[in-house]
Amino acid sequence: MTLKVERLVVEHGAIRALDGISFEVDAGSLAAVIGSNGAGKTTLLRTISGLKDAKLGKIFWKDREITGMKPEDLVRRGLAHVSEGKSVIPELTVRENLSLGGIWRNNKSELEESIGEVINLFPRLGERMDQRADTLSGGERQMLAIGRALASKPELLLLDEPSLGLAPLVVEQIFETISQLCRQQGITIILVEQNAMGALAIADTGIIINLGVIVAQGDAGSLVADPALKSAYLGY
Ligand SMILES: Nc1ncnc2c1ncn2[C@@H]1O[C@H](COP(=O)(O)OP(=O)(O)OP(=O)(O)O)[C@@H](O)[C@H]1O
Ligand SMILES: [Mg+2]
């Protein structure tokens, strides 16, 4: 067990966005979190990464409670969060964005090494190191957002809708890369997606959220095969 969420309740003022959510994600596995608009997916990731306080419940990571810890302390412990809407700094170049992502690395050579690994994974970024982030295409910007998170050498990677607004072929590439990060580098990944089929196809487990509660969770393959879930939540 690496990540454990226990009876998590999170509110935005009068709105209860998460109403008692419990699940576990094994070390080195990929969990897909599926749900429609307003289900509470972003709130869940923001709470895990310390950007939003929980009202009730606990979050454990590697057997330590992390509920309420500061985002920067969690990053130092190996957590990286790619937020919705391409988390890059538009005015900075590709290289500057990647360097900022790796600011937690111990020294310059470790940072250069992490940046080199990101370029290996996304050669397109390597060809655009001095280009400003706001001039990248949508797909390239998403690669940069993921690359920036990877530059910190995370053990736990939270991805909020990485396929949003991308062309089908780019979506396929991004999903393929996410799968590789888990399978080849052993990074534990929580992938939030509206693209239920794409996400469940690469995931080990799935968690389906509706209006702040989990309506189904389990092995990704069995969720896809469940006819009741298909029509109600998976949208195909
Ligand atoms: N800062 C906020 N202030 C008030 N309400 C909020 C805030 N953030 C989220 N909410 C509400 O909490 C609920 C869950 O929102 P959340 O962003 O977690 O959903 P989501 O599953 O990520 O949706 P989407 O797929 O549209 O991104 C929604 O009803 C939303 O309006
Ligand atoms: Mg969201």
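The values are calculated or read from the model by the stated rules, or taken from the named source; none is laboratory data. None of the values given here were measured: they were computed from a predicted structure. No Cβ is skipped: glycine too gets one built from the backbone with ideal geometry, and neighbour counts run over all protein chains shown.
Would you call Leu111 surrounded by 16 or more Cβ atoms within 10 Å (Cβ to Cβ), assigned to a helix (DSSP H, G or I) and either on the phi < 0 side of the Ramachandran plot or more than 16 Å from ligand 2 (Cβ to nearest atom) (or both)?
Numbers: surrounded by 16 or more Cβ atoms within 10 Å (Cβ to Cβ): yes; assigned to a helix (DSSP H, G or I): yes; either on the phi < 0 side of the Ramachandran plot or more than 16 Å from ligand 2 (Cβ to nearest atom) (or both): yes.
In short, yes.
Restricting attention to the range 89-103, the residues that are part of a loop (DSSP other than H, G, I, E, B) and either among the charged types (D, E, K, R) or in contact with a Gly (Cβ under 9 Å, 6 or more places away or on another chain) (or both) total 1. Considering the range 199-229, and only residues there that are closer than 23 Å to Glu155 by Cα and small (Gly, Ala, Ser), the residue that is nearest to ligand 1 (Cβ to nearest atom) turns out to be Ala199. Determine, yes or no, whether Ile146 is hydrophobic (A, V, I, L, M, F, W, C), under 19 Å from the mean Cα position of the chain (by Cα), within 16 Å of ligand 2 (Cβ to nearest atom) and buried (at least 23 other Cβ atoms within 10 Å of the Cβ). Answer is no for this residue. Check whether at least one residue in the range 54-69 is at negative phi, at pLDDT 95 or above and among the acidic types (Asp, Glu), and report yes or no. Checking the range 54-69: at least one residue is at negative phi, at pLDDT 95 or above and among the acidic types (Asp, Glu). Figure legend. Inter-residue proximity from the range 75-102: first residues at positive phi, second residues part of a loop (DSSP other than H, G, I, E, B) and more than 16 Å from ligand 2 (Cβ to nearest atom), beta-carbon distance below 6 Å, spacing 6+ or different chains. Indicated pairs: Gly78/Pro154; Gly78/Glu155.
Taking into account only those residues within the range 66-97 that are of a type in the set (D, E, K, R) and within 16 Å of ligand 2 (Cβ to nearest atom), which is farthest from Glu24 (Cα to Cα)? Steps first, answer last, please.
At the first step, the residues of the range 66-97 found to be of a type in the set (D, E, K, R) are 70, 72-73, 76-77, 84, 86, 91, 95-96.
Retained after the next criterion (residues that are within 16 Å of ligand 2 (Cβ to nearest atom)): 84, 86.
Details: Glu84: 23, Lys86: 27 Å.
Out of the qualifying residues, it is Lys86.
Residues that are away from ligand 2 (no atom under 14 Å from the Cβ), aliphatic (A, V, I, L, M) and in contact with a Lys or Arg (Cβ under 8 Å, 6 or more places away or on another chain) within the range 31-65 comprise Leu56, Ile59, listed in sequence order.
Can you spot a residue in the range 221-233 that is within 16 Å of ligand 2 (Cβ to nearest atom) and either surrounded by 19 or more Cβ atoms within 10 Å (Cβ to Cβ) or closer than 18 Å to Pro162 by Cα (or both)? Walk me through it before giving the result.
Restricting attention to the range 221-233, the residues satisfying the condition of being within 16 Å of ligand 2 (Cβ to nearest atom) are 233.
If we keep only those that are either surrounded by 19 or more Cβ atoms within 10 Å (Cβ to Cβ) or closer than 18 Å to Pro162 by Cα (or both) too, we end up with 233.
Within the range 221-233, one or more residues are within 16 Å of ligand 2 (Cβ to nearest atom) and either surrounded by 19 or more Cβ atoms within 10 Å (Cβ to Cβ) or closer than 18 Å to Pro162 by Cα (or both).
Applying the criterion of at least 3 residues that are under 13 Å from Val213 (Cβ atoms) and among the hydrophobic types (A, V, I, L, M, F, W, C) to the strands (runs of 3 or more DSSP E) found wholly in the range 1-52 leaves 3-12, 15-25.
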